1. Of all GluC sites (Glu not before Pro) in the stretch 52-127, which ones are in loop regions per DSSP and have a Cβ with at most 16 other Cβ atoms within 10 Å?
2. With a cut-off of 8 Å between alpha carbons and a minimum separation of six or more residues, what is the relative contact order of the stretch 1-82 in percent?
3. Sorted from largest down, what three extents in whole angstroms do the Cα atoms of the stretch 1-157 have along their principal axes?
4. Which of Val84, Val55, Val74 moves the most in a Gaussian network model of the chain with Cα springs under 10 Å?
5. Choose one answer from Pro54, Pro13, Pro265: the residue with the largest mean-square fluctuation in a GNM of the chain with alpha-carbon springs under 10 Å.
6. Between Ala241 and Glu28, what length in nm is gained on full extension when 0.36 nm per residue of separation is reduced by their alpha carbon distance?
7. Please give the helix 272-282 orientation as an angle from the longest Cα principal axis of the chain, in degrees from 0 to 90, rounded to the nearest 10.
8. Using only the Cα atoms, work out Rg/Rh for the stretch 8-47, with Rh taken as the Kirkwood radius, to two decimals.
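Read the figures in this text as sums done on the coordinates, not as results from a lab. Note that the coordinates shown come from a computational prediction; the quantities given were computed from them, not determined experimentally. Positions of Cβ are generated from backbone atoms using ideal geometry, with glycine treated the same way; all protein chains shown enter the neighbour counts.
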Amino acid sequence: MNHSARAFWLRSPGYGEIRDTTLAAPAEGEVLVRALYSGVSRGTETLVFRGGVPVNQYDVMRAPFQEGDFPGPVKYGYLSVGVVEEGPDELAGRTVFCLYPHQTRYVVPASAVTVVPEHVPAERAVLAGTVETAVNALWDAAPLVGDRIAVVGGGMVGCSVAALLARFPGVRLQLVDADPARATTAEALGVGFASPEDALGDCDLVVHASATEAGLTRSLELLAAEGTVVELSWYGDRRIALPLGEAFHSRRLTVRSSQVGTVSPARPGRTYADRLALALDLLADPALDALITGESAFEELPDVLPELASGRVPALCHRVRYTDHG
């Protein structure tokens, strides 16, 4: 039996639409998932929505179940939580997370879904992909007990990193952001907050996630000698300048990248599935609800995404809710 579904597509940069589609019945080893919630990652998804993916990154930036190509038409997204309606007995009726775009129903290999633990609400599980990014970043960063740490950039990824770092014993930790409203989020996460001007320096580690030239420059300024900036920002097609003269060499500073597309080489025995399962388990913490800053119905996405992309609707993770569309 075939099933109908509806999907959000970026028709062209800045313009989205909802399209009808028909799904084939799941074959052996596949599952049919009915979406409950999905999440809009304001950083990456709004960059895609604006058409800001560089041509030489089209392949790298593809989402696992993307249809179409950049800059559009393209069906893009990767934070979906739903219920398995058809599939193997061990998955039928279970709530699962999948790296799937915004769509009411979809068919994927059973191996592409991860069961959401019973102690994690489906509403919060949309954060799994971002918390997975934070896990990988901290595997790369390798913070130590007692480190002096700043997270510069209080967006979805930066706040996720700060939330996990708050569990490390003995660290001096600040979330640094130019928006004073992020202080409320930091407080909910149990993390100190500072403006870029007031941030504490002499840091052993700075995690940068503001996606701004000023943020990365300030991250370097906050380091102690021999300190490291772990760069999580994605700049798309923008070029940035850095002060790599001044004290960069004499203080032996380091800037290193971290990207969730590859499991950190610091954890060679771990798989993508291991990393995602860990992220879902960490979402048992209700403090992470502070990262979900808005919600709308699936049908509203063509109107909501331009507001998110322009910044007129401020958001960390914007949650999309679904009703049964048959």
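1. Working: sites: Glu67, Glu85, Glu86, Glu90, Glu118, Glu123; in loops: Glu90, Glu118.
Qualifying residues, ordered by number: Glu90, Glu118.
2. Value for the stretch 1-82: 35 percent.
3. Extents along the principal axes, in whole Å: 58, 39, 24.
4. Highest fluctuation among the options: Val55.
5. Pro265
6. On the way: separation 213, 0.36 × 213 = 76.68 nm, distance 5.20 nm.
71.5 nm is the gain from fully extending Ala241 to Glu28.
7. Long axis of 272-282 versus the principal axis of the chain: about 80 degrees.
8. My calculation puts Rg/Rh at 1.07.
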